[in-house]
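Everything on this sheet refers to the single structure shown next.
Here, each number is a calculation from the coordinates, and none is a lab measurement. Remember, it's a predicted structure, so these values are computed and weren't measured experimentally. Note: ideal-geometry Cβ built from the backbone for every residue, glycine included; neighbour counts use all protein chains shown.
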Amino acid sequence: MDKIAMSTREKMVELFMGAPEGLISGEQLSSALGVSRTAIWKHIKLLEEDGFEFAATPRVGYRLTHVPDELMASLVAPHLRDCTLGSQILWAPERPSTNDTATELAKSGAPHGLVVTAARQTGGRGRQGRVWQSPAGGMWFSILVRRPCAISQAGDLTLLASVAVWRALASMGIPAEIKWPNDLLLNGRKICGILAQMRTDGESVEYAVIGIGMNANFTREQFPPDVREYATTILSEMNREVHRPTLLGCILTELDQLYRDLKAGVGGFAAVRDEWKAHAHTLGRNIRVRIGEQIVEGVAQDVDARGVLALRGEDGTVHAIHSGEVLFSEMEKL
Ligand code: BTN
């Protein structure tokens, strides 16, 4: 499949970003985009609703005077370093779920490295069929990875993603911790979750859609009270906003490096296990893990080269937990 068409608004932003002093005439916009001058005016108004600011100069054109930090291709691209992920970034002000859009595009042949982003999600999905709150100010994006690995390595991908996110946050001065298997916490509360969906063809993964939700530039008070108990945001904990296109560029660059090592057989999760463990919030704590309907309690002892959690129960039995969810003990309802 060739490149997927960007929306008119995304193309408009690209044109403005490439124009000398951000100034373009209505006529230039209309002929470059193949739409009427009235349509251009409507798109300018819609972009203003999304935080872009323009100065209209009669008989000269529009000047882009303020660019919000949305996850658009033209804003993220300068932060990608030698990276195959993010070869195309499709932004929209609103989508039901970026994972759904990326999965639909994957089915119709979209290329490896496509990233689908949205300013807000109306039907954001978390693991275990949960709703994922996705207000404006967060980072909601899904990455399409084609032929990433053998089925046996599928779990490695999300573990690698959590390490990539940890590294990117650290590079921006945000001291997160990893909660097994792949949540990111700040001051003990969740700021980032990862939901991977894969299509397999028997032996290997045909493609994976790695959906990442980062509670960035909105406040914890915007969550419903039950979510607020165990989730927080970068803004609430750090008292500052983070530049979202820079953070996305860093995440993609780090993940690309880890993914390429995985493909080259450099070791999957085993290769970064020590790094994961060094930043783990879970290890050494008394925790409860939900595995389907069952809850297992004990001390998290270790994570092995395959990402399997060793949990020592009160009676000394060590449980090997391949997948499950660590509950925020006192905070999360069963
Ligand atoms: C979790 O439950 O921890 C996983 C949350 C994953 C949320 C992200 S936001 C972008 C992508 N689109 C979705 O609908 N979900 C993922």
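Helix-only arithmetic for the chain: the sum of -39500 (n - 2.57) across DSSP H runs with n ≥ 4, divided by the residue total, places the mean residue ellipticity at 222 nm at -9500 deg cm²/dmol. Across segment 8-66, C-alpha contacts under 8 Å between residues 6 or more apart give a mean separation that, scaled by the residue count, equals a relative contact order of 37 percent. Highest mean packing comes first when the peptides 280-292, 299-311 are listed by Cβ atoms within 10 Å, giving 299-311, 280-292.
Relative contact order for the chain using alpha-carbon pairs under 8 Å, separation at least 6, rounded to a whole percent?
Values: 655 pairs, mean separation 46.2, N = 334.
The normalised contact order for the chain reaches 14 percent.
Remark on Trp132: its backbone amide H falls under 5 Å from those of Gly124, Arg125, Gly126, a criterion applied only to residues 5 or more positions apart or on other chains, H modelled at 1.01 Å from N. Extension gain for the segment Asp302 to Ser25, taken as residue separation times 0.36 nm less the Cα-Cα distance, is 93.6 nm to one decimal.
Using a 10 Å cut-off on Cβ atoms, rank the peptides 201-210, 317-326, 92-101 from the highest mean neighbour count down. Write out the running numbers ahead of the final one.
Working: 201-210: 17.1, 317-326: 15.2, 92-101: 20.1.
In descending order of packing, they fall as 92-101, 201-210, 317-326.
Between Pro78, Pro175, Pro135, the GNM of the chain built on Cα springs shorter than 10 angstrom shows Pro78 fluctuating the most. Once Rh for the chain is found with the Kirkwood sum over Cα pairs, what is the Stokes-Einstein diffusion coefficient at 4 °C and 1.567 mPa s, in µm²/s? Calculated translational D: 61 µm²/s.
Report the Cα centroid-to-centroid distance between segment 168-243 and segment 56-95 in angstrom, as an integer. A separation of 23 Å, based on Cα centres.
Could you check which residue among Gly155, Gly123, Gly18 shows the biggest mean-square fluctuation in a GNM of the chain with a 10 Å Cα cutoff? Of Gly155, Gly123, Gly18, the most mobile in the Gaussian network model is Gly18.
What FRET efficiency, computed as 1/(1 + (r/R0)^6) with R0 = 22 Å and r the Cβ-Cβ distance, is obtained for Asn286 and Glu177, rounded to the nearest 0.05? Mind showing how you got there, number by number?
Values: r = 16 Å, r/R0 = 0.74.
The formula returns an efficiency of 0.85 here.
Please arrange Lys11, Lys45, Lys179 by counting, for each residue, the other beta carbons lying within 10 Å of its beta carbon, fewest first. Could the numbers behind the result be given before it?
Details: Lys11 19, Lys45 10, Lys179 24.
Sorted ascending by nearby Cβ count, the order is Lys45, Lys11, Lys179.
Using Stokes-Einstein with the Kirkwood hydrodynamic radius over Cα pairs, what translational diffusion coefficient do you get for segment 8-66 at 10 °C and a viscosity of 1.306 mPa s, in µm²/s rounded to a whole number?
For these conditions, the coefficient is 143 µm²/s.
Evaluate E = 1/(1 + (r/R0)^6) for Arg130 and Trp41, where r is the Cβ-Cβ distance and R0 equals 56 Å; express this FRET efficiency to the nearest 0.05. In this case the efficiency is close to 0.85.
In order along segment 83-98, the Karplus-derived 3J(HN,Hα) couplings, from 6.51 cos²θ - 1.76 cosθ + 1.60 at θ = phi - 60°, round to 10, 8, 7, x, 4, 9, 10, 10, 9, 8, x, 8, 9, x, 7, 5 Hz, and Gly and Pro are given as x.
For the chain, set up a Gaussian network in which alpha carbons nearer than 10 Å are linked by springs, and say which option among Ile174, Ile251, Ile143 fluctuates the most. The residue with the greatest mean-square fluctuation here is Ile174.
Using Cα pairs closer than 8 Å and at least 6 residues apart in sequence, work out the relative contact order for segment 286-329, in percent. Mind dumping the intermediate values first?
Values: 81 pairs, mean separation 17.1, N = 44.
Contact order relative to length: 39 percent.
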